[in-house]
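What follows is calculated from the coordinates using simple rules that are stated; it is not laboratory data. Since this is a predicted model, take the numbers as computed values, not measurements. Because the Cβ atoms are built from the backbone with ideal geometry, glycine has one as well, and the counts that use them run over all protein chains shown.
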Amino acid sequence: MQIGLRLHDSAVCPLEQRLKNVKEQGFSCVHIALGKTEGLPRETDALTPGYAMWLKHRFSEAGIDIAVLGNYQNLAHPDPVKLAQIRQRYCAHLRFAALLGCGMVGTETGAPNMDYHYDKEANHSAEALEIFIDNLRPVVEYAEKCGVILAIEPVYKHIVWNPRRAREVLDRIASPNLQIIFDPVNLLDPDNIDHRDEVIAEAMDILAPEIAMIHLKDYIIGEDGMKAVGCGFGEMDYTEIVRFAVEKKPYIQATLENTTPENAVRSRELIEKTEREIIV
């Protein structure tokens, strides 16, 4: 695996120094979300070819790849005016990714309400899935024109909440430019945590052909439910996930999530240790 992290989880400082720090911590790639990275222009109208070239040179000089350009907005938004703006932003990100030399724009799968809140009955409904697929289809068509992958990330609290639902979306859209970001912890919830290994195994089984990237984090269970933390600071067992990557997805980019500048190296070393044990 090629291990990276979310750029906005690194220490806040000017971009050149930030990338230098990421490289010195032993990471080869980043997940970049313009809306979460201080100091970077983020407005849709700012995503020009010149801006893309400036960013591309900064990353090239640092020896860091952009694994994915994140654009986590709600493609099931019920307001048609807002939805049109969201689609426009996705198209701008897809163009921007193509110019950056980044092959993938990542997204989650939304909720059929104004503020993206979790409503289990509504989010997991058949109606919500139809809304999402209808709104996703033209964005995937634009991704095809740009030669960029749009990768959806299944999340238990969103519309595409389990592997079977993700498989249905892939099959119905039927585009090689629609693929999967596999985040095992995002598939988990107190509702299904007792079946953690089965949920993760099913995802690796039925989504394997389209898994284009992996997100790695950990979780702890408390009185308030699940809390995401950096790898090695919770209850996850990464053995089978790393085995899947080694055997089925050699050289796949895997970015750590929910790390801090102080613990990111420890999380990376845990995953690398697991990988070495599997290879041996």
Checklist outcome for this item: Phi-derived 3J(HN,Hα) across segment 50-64 with the Karplus relation (6.51, -1.76, 1.60, θ = phi - 60°), rounded Hz, x for Gly and Pro, is x, 4, 4, 5, 4, 5, 4, 5, 4, 5, 5, 4, 7, x, 10
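Can you figure out the FRET efficiency of Ser175 with Gln2, using R₀ = 22 Å and their beta-carbon distance, to the nearest 0.05?
Values: r = 25 Å, r/R0 = 1.14.
The value I calculate is 0.30.
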Next on the checklist: Just to check I understand the Karplus step: with θ = phi - 60° and J = 6.51 cos²θ - 1.76 cosθ + 1.60, what whole-Hz values come out for segment 174-185, glycine and proline as x?
Outcome noted: 6, 10, x, 8, 10, 9, 10, 9, 9, 10, x, 5
Item to check | Ordering of 87-98, 169-180 by burial proxy (mean other Cβ atoms within 10 Å per residue, highest first) | outcome: 87-98, 169-180
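Sorted by packing (mean other beta-carbon atoms within 10 Å per residue), highest first, where do 35-43, 197-205 land? Before the final figure, lay out each step's value.
On the way: 35-43: 13.7, 197-205: 16.2.
The peptides rank, most packed first, as 197-205, 35-43.
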Checklist entry - Residues with amide H under 5 Å of Gly234's amide H, sequence separation 5 or more or different chain, H placed in the peptide plane at 1.01 Å from N; which? => result Tyr219
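Taking the number of other C-beta atoms within 10 Å as the exposure measure, put Trp54, Trp161 in order starting with the fewest.
Numbers: Trp54 12, Trp161 24.
With the fewest neighbours first, Trp54, Trp161 line up as Trp54, Trp161.
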Next on the checklist: Can you compute the FRET efficiency between Thr48 and Glu130 using 1/(1 + (r/R0)^6), with r the Cβ-Cβ distance and R0 = 41 Å? Round to the nearest 0.05.
Outcome noted: 0.70
Checklist outcome for this item: Given [x] 18.0, 55; [y] 17.1, 52; [z] 19.8, 67 as possible values of Rg and Dmax of the Cα atoms in Å, the one from the coordinates is [x]
Item to check | Linear extension gain, Glu235 paired with Glu121, 0.36 nm per residue minus alpha-carbon span | outcome: 38.2 nm
Item to check | Met53, Met213 arranged by Cβ crowding within 10 Å, fewest neighbours leading | outcome: Met53, Met213
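So in the chain, what percent of DSSP beta bridges are antiparallel if you round to the nearest 5? If you can, show how the numbers build up before the last one.
Numbers: 5 of 31 bridges.
Taking every DSSP beta bridge within the chain, about 15 percent pair in antiparallel fashion.
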Checklist entry - Efficiency by 1/(1 + (r/R0)^6): what FRET value for Arg243 and Ile193, r their Cβ-Cβ distance, R0 = 35 Å, to the nearest 0.05? => result 0.95
Checklist outcome for this item: At the level of C-alpha centres, the distance separating segment 193-250 and segment 5-29, in angstrom, is 24 Å
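In the structure shown, do any of Lys36/Lys217; Lys82/Lys217; Lys217/Lys273; Lys120/Lys227 have a Cα-Cα gap over 21 Å, and if so which? Intermediate values should be presented prior to the final figure.
Values: Lys36/Lys217 18 Å; Lys82/Lys217 31 Å; Lys217/Lys273 15 Å; Lys120/Lys227 18 Å.
Where the Cα-Cα span goes over 21 Å, the pairs concerned are Lys82/Lys217.
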